[in-house]
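Scroll down for the structure; my scribbles are underneath it.
The values are calculated or read from the model by the stated rules, or taken from the named source; none is laboratory data. What you see is a predicted model; the values in this text were computed from it and never measured. Neighbour counts are summed over all protein chains in view; Cβ atoms, including those assigned to glycine, are modelled from backbone coordinates with ideal geometry.
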Amino acid sequence: MKKIIALGLLLLLVGCDRFPKDPEHTLEEVTNGTLIIGYSSNPPWVVKHTGEPGGIEAEILTEYANTLSADVEWVNDTEQNLYEKLEKKEVHLVIAGITNDNPWIKRVAFTRPYLQLNKKKHVIAAARGENAFIMDLEKFLYSKESQIKKELIR
């Protein structure tokens, strides 16, 4: 009996793949590649400039891209268009000072809140199902929580 249980456990372990998964391999694709970030201006979170955007979220995601040795491609558009691009996986992330009460939560994924300010929980939008990518980003955001708070005080 013990041998059957051990064999069953061994088969389960062999059958297990790496979790969490990215069906579209986003984390793999972005690492040493290009992170495509859609943005819509919403100061102080995202500030449109000529060239690359500024603001708290743009700066933090530029740092995140550096940890992945990734270049950043910025896509400026309306929030509505950006969410649609996210659904089609034409962008990897969307930033715009988004909070977790946004109605698009039913169609795209949001990170766990990385900051709560005035009862609003701030999140970053990502494609649904790309869990390894989202978890990697969430770990990074968590490590930057105090830096983000300092940016707000400035």
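Before moving on, here are some points about what is shown:
- Given (1) in a loop (DSSP other than H, G, I, E, B); (2) more than 15 Å from SER40 (Cβ to Cβ); (3) at pLDDT 95 or above; (4) not hydrophobic (A, V, I, L, M, F, W, C), number of the condition ASN66 does not satisfy: (1)
- Residue ID - modelled with the highest pLDDT, chosen from residues in the stretch 12-43 that are assigned to a helix (DSSP H, G or I) and surrounded by fewer than 16 Cβ atoms within 10 Å (Cβ to Cβ): GLU28
- Candidates LEU82, LEU61 - the one that is buried (at least 18 other Cβ atoms within 10 Å of the Cβ), more than 19 Å from LEU27 (Cα to Cα) and modelled with pLDDT of 95 or more: LEU82
- Residue that is nearest to THR26 (Cα to Cα) [pool: residues in the stretch 97-150 that are buried (at least 17 other Cβ atoms within 10 Å of the Cβ) and of a type in the set (Asp, Glu)]: GLU130
- Meets criteria (surrounded by 14 or more Cβ atoms within 10 Å (Cβ to Cβ) and of a type in the set (Val, Ile, Thr)) for ILE153: no
- Residues located in the stretch 108-154, provided they are within 19 Å of THR78 (Cβ to Cβ) and either at pLDDT 95 or above or among the hydroxyl-bearing types (Ser, Thr, Tyr) (or both): VAL108, PHE110, VAL123, ILE124, ALA125, ALA126
- Restricted to the stretch 88-154, the set of strands (runs of 3 or more DSSP E) holding at least 1 residues that are without any contact (Cβ under 8 Å) to a residue 40 or more places away in the chain, out of contact with any helix residue (DSSP H, G or I) (no Cβ under 6 Å at 6 or more places or on another chain) and over 19 Å from GLY33 (Cβ atoms) comprises 115-117, 120-122.
- Check on GLU52, at pLDDT 75 or above, of a type in the set (Asp, Glu), assigned to a loop (DSSP other than H, G, I, E, B) and over 21 Å from ALA127 (Cα atoms): yes
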